[in-house]
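First comes the structure, then the notes that go with it.
The values are calculated or read from the model by the stated rules, or taken from the named source; none is laboratory data. Everything quoted here is computed from the prediction, not taken from an experiment. Neighbour counts run over all protein chains shown; Cβ positions are idealised from the backbone, glycine included. Side chains included, ligands, DNA and RNA excluded: accessible areas come from the protein's heavy atoms. Shrake-Rupley method; radii C 1.70, N 1.55, O 1.52, S 1.80 Å.
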Amino acid sequence: DSGVTQTPKHLITATGQRVTLRCSPRSGDLSVYWYQQSLDQGLQFLIQYYNGEERAKGNILERFSAQQFPDLHSELNLSSLELGDSALYFCASSPMGTVNTEAFFGQGTRLTVV
Amino acid sequence: AQSVTQLGSHVSVSEGALVLLRCNYSSSVPPYLFWYVQYPNQGLQLLLKYTSAATLVKGINGFEAEFKKSETSFHLTKPSAHMSDAAEYFCAVTRASGGSYIPTFGRGTSLIVHP
């Protein structure tokens, strides 16, 4: 158990809809990362938050947004969903987001868009 | 920019055989390198990490990796494969981005272990 909790584990929704994925980081970790994992793209970094503030952006679509709340949990919002958004979405956390610290991953949310 | 390349999307070995998963890094400065493992239907977990203290790094489950600057490599090995080692393995490097450091992953190598 990594200590990172993601809900829900599975999500099936229709095209055009909006969903929210939730992540609770390990106790004390200030940095939260979101990744998308698909067969063709591998593990793609989407966005990072550190202590409530956006710190870095990766390949995140404009239809996607995220935030980190004062209690440090984070949410990833996906809107106007398309079939191609079907993927595993992972949240990871680390204490400080420094160069030599590893990330601790949740078990992921499998999103299926139909 | 720091990045890693994993050679071979699939590696197949027999139980008891040597496991070798290849990773090469691209970095203009000494990198911090990691190997993660992902078992089916689970998230990634850390196997081991290189932080310049020693070139040979030992990790969990009998895995180890050797940092070779001359070859810009950080290959993962295990002397004797077990059926339970079947999983996806990711090499990673932390990449600087806007004052922060982002774990950046290779495409992954699927390890298949035959009885």
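Restricted to the stretch B:69-81, and to residues that are among the hydroxyl-bearing types (Ser, Thr, Tyr) and open to solvent by 50 Å² or more (accessible area, probe 1.4 Å), which residue is modelled with the highest pLDDT? Per the stated criteria, the residue is B:Ser80. Inside the stretch B:39-55, residues that are in contact with a Phe, Trp or Tyr (Cβ under 7 Å, 6 or more places away or on another chain) and of a type outside the set (Val, Ile, Thr) make up a count of 8.
Of the residues making up the stretch B:40-58, those that are under 22 Å from B:Met83 (Cβ atoms), touching a Gly at 6+ places or on another chain (Cβ under 9 Å) and free of Cβ contacts under 8 Å to residues at least 40 places away in the same chain are B:Asn41, B:Gln42, B:Gly43, B:Leu46, B:Leu48.
A:Asp71 fulfils the conditions (1) part of a strand (DSSP E or B); (2) open to solvent by 30 Å² or more (accessible area, probe 1.4 Å) except for a single criterion, (1). Selection over the stretch B:67-100 of residues that are within 15 Å of A:Thr101 (Cα to Cα) and either touching a residue at least 60 places away in the same chain (Cβ under 8 Å) or under 12 Å from the mean Cα position of the chain (by Cα) (or both) gives a count of 6. Collect the residues in the stretch A:31-43 that are open to solvent by 20 Å² or more (accessible area, probe 1.4 Å) and within 15 Å of A:Gly106 (Cα to Cα), keeping them in residue-number order. A:Gln36, A:Gln37 - these are the residues of the stretch A:31-43 that are open to solvent by 20 Å² or more (accessible area, probe 1.4 Å) and within 15 Å of A:Gly106 (Cα to Cα). Scanning the stretch A:42-70 for residues that are facing chain B (nearest Cβ under 10 Å), more than 16 Å from A:Asp29 (Cα to Cα) and of a type in the set (S, T, N, Q) yields a count of 1.
I want to confirm something. Restricting to the stretch A:75-97 and keeping residues that are surrounded by fewer than 16 Cβ atoms within 10 Å (Cβ to Cβ) and closer than 14 Å to A:Gly28 by Cβ, which single residue is farthest from the other protein chains (Cβ to nearest Cβ)? Selected residue: A:Pro95. One residue stands out in the stretch B:88-113 among those that are more than 10 Å from chain A (Cβ to nearest Cβ) and open to solvent by 10 Å² or more (accessible area, probe 1.4 Å): the one that is nearest to A:Arg55 (Cα to Cα), namely B:Ser110.
Any chance the stretch A:48-61 includes a residue that's in a loop (DSSP other than H, G, I, E, B) and hydrophobic (A, V, I, L, M, F, W, C)? Checking the stretch A:48-61: at least one residue is in a loop (DSSP other than H, G, I, E, B) and hydrophobic (A, V, I, L, M, F, W, C). Looking across the stretch B:21-68, the residues that are at positive phi and open to solvent by 70 Å² or more (accessible area, probe 1.4 Å) come down to B:Asn41, B:Ser52, B:Asn61.
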